[in-house]
Amino acid sequence: MKLTRIFTALLLCMTLLFSMTAMISCGGGDGESEETRDPNKAPATLDSIYTAVSAVVPGADKLVDAQASRLGGFFNGAAPEDFASHKIVLQSMSTSIDEIGIFEAKTAEDVKKIESMIDEFFDFYLSLWNDDYLAEEKPKLENAERVTSGNFVMYVILDDDARAAAITAFENETK
């Protein structure tokens with residue numbers, strides 16, 4: 001009788017041990033696995049990110065290159081050589097303030113500088129805003145977002161749906 005209890009307890013402990021091992025090896029048993037980059041997918045580049053983002057933003061084909069005019073004037077004197085690569089596009093012949101900017105930092109330290117530069121740009125742009133002109137566009141600026149993945153930083157000044165789609169495309173391309 002005593003031997004049966006010991007054997008049952010030992011069997012129960014072994015079952016518990018195997019269950020715990022299985023849960024740990026499967027990521028804790030919560031049904032989700034850690035997302036990893038597809039090893040067959042090429043690393044993200046500025047061009048691949050912009051292509052992915054512009055594919056989901058309505059009217060992106062009408063946005064024009066504004067890198068030269070935007071950097072020095074709106075980004076606190078930044079210059080092209082401050083980045084590994086960058087792309088800024090915006091509406092130029094419209095009453096829309098749609099804008100997308102993507103920056104690739106040279107180093108991990110530069111990422112923080114770019115994030116700060118973009119945050120200052122948002123504050124500056126809002127401080128210049130005239131509520132009597134294009135009042136319906138102001139929510140785009142008030143809800144502008146900056147997102148970061150690795151050495152890439154993107155900002156978007158878009159309506160809610162386009163902004164969400166652009167951020168999702170950025171995150172999918174850079175993961």
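None of the figures in this text is laboratory data; all of them are computed from the coordinates on show. Treat the numbers as computed from the prediction; the structure is a model and nothing was measured.
For segment 159-175, 3J(HN,Hα) computed residue by residue from phi via the Karplus equation (6.51, -1.76, 1.60; θ = phi - 60°) reads 5, 3, 5, 5, 4, 4, 5, 5, 5, 4, 4, 4, 5, 5, 6, 9, 7 Hz, glycine and proline entered as x.
For the residue pairs K106/K140; K62/K87; K113/K140, the C-alpha atoms sit more than 21 angstrom apart in K106/K140; K113/K140.
Bridging of K41 to lysines at a Cα separation below 18 Å is possible for K175, once same-chain residues fewer than 8 apart are set aside.
Tell me, in nm to one decimal, what length is gained between K112 and F124 on full extension, where the rule is 0.36 nm per residue of separation less the Cα-Cα distance?
That pair, K112 and F124, stretches by 2.5 nm at full extension.
Computed on segment 82-125, with alpha-carbon pairs under 8 angstrom and 6+ residues apart, the relative contact order is 33 percent. The per residue volume of the convex hull around the alpha-carbon atoms of segment 44-175 is 94 Å³.
Percent of C-alpha pairs per 5 Å bin in segment 134-175, short distances first: 5, 24, 30, 20, 11, 6, 3, 0.
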